[in-house]
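Okay, so here's the structure we're looking at.
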Amino acid sequence: KVTIKGIERELICPACKELFTHPLILPCQHNICHKCVKEILFAFEDSFADGGSESSNQSSPRIKISSSSMERIDRITRTGRKRNSLTPRSSLFPCPACQRDIDLGERGMNGLFRNFTLETIVERYRQAARAAIAIMCDFCKPPPQESTKSCMDCSASYCNECFKIHHPWGTVKAQHEYVGPTTNFRPKILMCPEHEMERVNMYCEICRRPVCHLCKLSGCHANHRVTTMSTAYKTLKEKLSKDIAYLISKESQVKGHITQLGLLLKETECNSERAKEAALHSFEKLSHVLEEKKSAALRAIEVSKNLRLEKLQTQAEEYQGLLENNGLVGYAQEVLKETDPSCFVQTAKQLHVRIQKATESLKSFRPAAETTFEDFVVDIAKQEEALGDLSFHSNGLEIPEINEGQSRMYNKALISWESPGKTESADIYVLEYRKLYKEDENATWQEIEVCSKSKVISDLDEDSSYAFRVRGYKGSICSPCSREVILRTPPAPVFSFLFDDKCGYNSDHLLLNPRRTSVESRAGFPLLLGSERMQIGCYTTLDYIIGDTGIAKGKHFWAFHVEAYSYLVKVGVVSSNKIQKLFHNTHDRTSPRYDQDSGHDSGSEDAFFDSTQPFTLVTLGMKKFFIPTTPAAPKDPESRILPLPSCLGICLDCDKGKVGFYDAGPMKCLYECEVDCSGIMYPAFALMGGAAVHLQEAITAKYEEYHEDI
C-alpha cells in the first residue's frame, strides 16, 4: 500500500487554497472547485450589477478576488449577461492558476467535466488524515453503528446488518457495486456534458478531452481526429508509467540535487551577509550625504538575496516532489490506480505533460539563482561630485546610447535611445535632463523612469538648450550614464496648421495627401502645356499654396521637410493684404529673365529683391538653401548658397515685424529679414517641377507609442 503523503500541493484548489471539493477541469487543464467556480461567477454578477465596485468581492468567505483582477472582471462583465445566470453571454472565465481568461463555451460551467479521479485521490488523502474518525452507517437507528462498506449505486454507507436488509439476495440491489467506507460517491459511467444522455467513449486528440459519438458526428469535434477510449487509456498509461519509472530510478540523483540546493541556500545566506558587510563598511567611510544611498544599496542586496533564496527554495521543493510517494510522483502513482479508462484519460494527459517537464529538468540540472554577490561591490574611488550616481555596476549591462537621429525637439521633446551591444538590455531606464545656462550655473538633473526606449517630455522652456542622458537598470544593477546629448527648443511656440485646399489651390498641378500635411508638385503634362508657347525668356509659373490658419500677433514657429529631389521650392510668409497678388502673379517675378525687353542675360535684376516682392519667400532646390540678395547679404554668390537642412523652420515675430529661417535640427538661424505684418500672416509655399513639402508632425504621447511599435 502506497501511503498518501507529501502530495498536498497537488490537491489544493488555486482559488480557495483548500483541498478540492468536486473539482472541475477547465479548458486550460487546471482544476478548480465547483463551488469556487460558482462564487467567482457570482462575484462577476455583483460587479456587473454594482458597476464593478470592490465591495462585491467581500461576499465570498472562500475566495478573495484581488484588486488587480478587477480590471479583468470589468472587462468580462461589460460584455453583458443575465442577472444570476451561471451561463453568461460572455464565456470568458479568469483561471486563478494560469491567470488567463478561459473560454468556457456556450454552456459555461455546465460544459465542464468533473474530475472524478482527482476527487477520489482527495478523498483517499482525507481518509488517511482522519483515519481515527470512523464513517457511521446512514441507516442505523440511534446510536448508529460504524459502517463497513459503502454502496456506489445508492451513494450511502452501511453496517453489515443494514447492508443485508437493504440489499437482499435475489434482488437487483444485490448486484450493486460496493467498496470500503467512503464519503466520495461518483457515477459509474462518465457522461458527456454536451449531450447529457450519452456516455463518453472516444478521445479527441485535438482538444485532448473525452467526447461522445454525437460530439464527433455533429458537434464541435466533427472534423477533429479522435481515437477510442481504450486506445487512449492504454497509450497514456504506458507513457505515464514509463516516465514515472524513470523518475523513481533517478531518486538518488534527485536527493543529490536537494542536498546541493540546501548547500546553495546556506552559501547564498553567507555570501549575502558578506556582501552586506562590505557595502556597510564602504558606506561608513562616506559623509552624511551618502546615508540615503547606503540604505538603498542594503535594500538592493536584501531584495536580491530574498529573490535568489525564493528561487532556490522553490526549486528545492520542486525536486522534493520528484521523490517516490511525494509531490508530483506520489500524485501520479495515485492516478495510476484509476481503473476507469475515461476517468484516467481526462486526468493523465495534463499529468503526463508535467512529468515530461520534470524529466527534462533532471537531464540538465542548473540552480535557479546564482550564489555570488560580486556585482554588489560599491565603488568608493569616485570624486565627491559623482557620489550622486553611486550605485552597483554590472559588466553585463551596457551603457545605452541616445539616438540623435530619432530624437528631436518641436512642440515637445522626443528622446530615443538604444542598447548598442548584443548583451541583454535593461528592464527599466532613467532619463535625466537639465536646462543649460550661459553662465556657469547648472540646473539640477531631473529624472524620469521609463519602461520603453523613448520618452516624450513636455513643458520645456522656449529658445533654451537642454542636456539629456540615460542609464539602465536590470533588477538592482545600474549601468553608467550615457553620453550627454544637447538639444535646443524652438525659438517660439509651435504653430499648427494644414495646407489650405481652397484658397488658390491648383489641383491640376499640386497633389495634397488626405491629411493635408504634404503637398507635391509633379512635372508632367500641365508643365509642358504651360511652356508650349515659350519662345524666349521664362514664362514658367510657380504653383502656390498657403496654410489654412493665419497669425495676427505674437511669435510663432513651424517646421517642415523638403524632399531632396525637389527642383524649386519657395517658402516664407504672405500677408492677407497681398494674397490676391500672390495667386494672380501669372509669371515668376523672381526669374532673372522676367522682362523680355530688358536686354539682360544675368541676374542683375535680383538687386532690391525684397522691394519688388509682394511677399517674403526664400528659395530652396537641388539640395541647396539660397540666401536672398540684399544689401547686407554677402557679395560672393557662393557664400549665399548653403546645404539644404533635413528639416527647415520658420519663426515669425509679428510684434517686431521679423521672420527668420532656421535649420530646425540645431535650431540655428540661417537668414532673418524684416516683414510687413500689417495684415494677417499666412505660411506660404511655392513649388515648380518635381518637388514635395511635408509639414513637421507634432509630438504627442501617441507618437511615442507609435514610435515604439515601429
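Assorted remarks:
- Residue 501-residue 553 FRET efficiency (beta carbon distance; Förster radius 22 Å; 0.05 resolution): 0.25
- Interchain or long-range residues, amide H under 5 Å from residue 226's placed H: 205
- Among the listed pairs 570/623; 237/337; 337/357; 435/555, those with a Cα-Cα distance over 18 Å are 337/357; 435/555.
- Accessible surface, 1.4 Å probe, highest first, among residues 417, 445: 445, 417
- Extended-chain gain in nm, criterion 0.36 nm per residue less alpha-carbon gap, residue 38 and residue 296: 88.3 nm
- In plain terms, the chain from residue 360 to residue 460 could stretch by 30.4 nm, reckoned as 0.36 nm per residue minus the Cα-Cα distance.
- Separation in nanometres of the label points that stand 7 Å from Cα toward Cβ, at residue 156 and residue 97: 3.6
- Solvent-accessible area of segment 231-363 (1.4 angstrom probe, protein heavy atoms only): carbon and sulfur portion equals 53 percent.
- Phi angles across segment 356-372 convert, under the Karplus curve 6.51 cos²θ - 1.76 cosθ + 1.60 with θ = phi - 60°, into 3J(HN,Hα) values of 5, 4, 5, 5, 5, 5, 6, 5, 9, 6, 8, x, 6, 8, 7, 9, 7 Hz, Gly and Pro given as x.
- Per-residue surface analysis assigns residue 114 an accessible area of about 70 Å², computed on protein heavy atoms at 1.4 Å probe radius.
- Segment 401-488: mean projected area of Cα convex hull, nm²: 6.1
- Computed from the C-beta positions of residue 206 and residue 641, the FRET efficiency with R₀ = 51 Å rounds to 0.10.
- Label-point gap, in nm, between residue 234 and residue 280 - each point 7 angstrom along Cα→Cβ: 6.8
- The modelled label-to-label distance between residue 428 and residue 447, using points 7 Å beyond Cα along the C-beta direction, is 1.0 nm.
- Over segment 231-363, equivalent-ellipsoid semi-axes from the Cα gyration tensor in Å: 47, 15, 9
- For the pair residue 370 and residue 18 in one chain, pulling the backbone fully straight at 0.36 nm per residue adds 123.3 nm over the alpha carbon distance.
- Nearest-10 value in Å² for the accessible area of residue 409, using the 1.4 Å probe: 20
- Per residue, in Å², the accessible surface of segment 231-363 once ligands and nucleic acids are set aside, probe 1.4 Å: 50
- Sulfur and carbon atoms: percent of accessible area, segment 401-488 [1.4 Å]: 41
The values are calculated or read from the model by the stated rules, or taken from the named source; none is laboratory data. Since the model is a prediction, treat every value here as computed from it, not as a measurement. Cβ sites come from the backbone with ideal geometry, for glycine too, and all protein chains shown count toward neighbours. With ligands, DNA and RNA removed, areas are computed over all heavy atoms of the protein, side chains included. Shrake-Rupley method; radii C 1.70, N 1.55, O 1.52, S 1.80 Å.
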